[in-house]
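Have a look at the structure below before the remarks.
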Amino acid sequence: MRKIISFTTFSLILLLFSVSVAFPEVQTRVRVIQASNVGSSIDPSLKDVHGELGSLFNFTSYRLLRDENLTLSPNQPVDIPVHKGRSLEITLIGQHKGMAKFRVKIKREGVDILDTQVRLSPGRTVLIGGPKHGEGVAIIALSAHF
């Protein structure tokens with residue numbers, strides 16, 4: 001009987017420890033932006049990242065193609081169809097000291113054409129230059145709240 005109580009107590013402590021170190025879900029916003037030198041318009045919905053776009057990329061026009069709000073759970077990839085056989089896969093791969101770590105993949109017909117990892121602090125946005133898209137390129141804007 002003593003062994004059963006000891007084993008049960010040990011199991012409960014182990015269970016409580018594993019639950020306490022689990023990563024919570026992270027609210028994530030993913031925007032797919034087309035950047036080009038055709039015209040000079042800036043999509044009004046990109047005003048919060050317009051300054052960063054202009055300082056990082058040398059394009060005259062930025063158009064929002066897709067805007068998704070996701071709830072990401074650790075190590076559970078979310079696939080977002082983008083355009084003509086292309087998709088974007090976002091995975092929350094960790095959290096540590098106020099930073100969330102994500103894996104971002106762009107796939108063309110199931111094959112990775114971009115695979116990178118980024119770290120984000122709450123409320124910040126990171127811009128990732130992507131592949132050619134139409135007359136320009138795709139840019140991914142990723143932000144998180146946790």
*With respect to the numbered conditions (1) closer than 18 Å to residue 32 by Cβ; (2) surrounded by fewer than 15 Cβ atoms within 10 Å (Cβ to Cβ); (3) at pLDDT below 95, which one is the sole condition not fulfilled by residue 67?*
(3)
_For the list (1) modelled with pLDDT of 95 or more; (2) at positive phi, I need the number of the one condition that residue 39 fails._
(1)
_Matching residues in segment 44-81 - criterion: being in contact with a Leu (Cβ under 9 Å, 6 or more places away or on another chain) and among the acidic types (Asp, Glu)_ = 52, 68, 79
*Does residue 20 fit the bill of being farther than 24 Å from residue 90 by Cβ and either at pLDDT 95 or above or in contact with a strand residue (DSSP E or B) (Cβ under 8 Å, 6 or more places away or on another chain) (or both)?*
no
*Which residues, taken from segment 86-129, are touching a strand residue (DSSP E or B) at 6+ places or on another chain (Cβ under 7 Å), of a type in the set (Gly, Ala, Ser) and free of Cβ contacts under 8 Å to residues at least 40 places away in the same chain?*
87, 121, 123
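The values are calculated or read from the model by the stated rules, or taken from the named source; none is laboratory data. Note that this is a predicted model, so its numbers are computed, not measured. Heads up, the Cβs are rebuilt from the backbone with ideal geometry, glycines too, and the neighbour counts pull from every protein chain shown.
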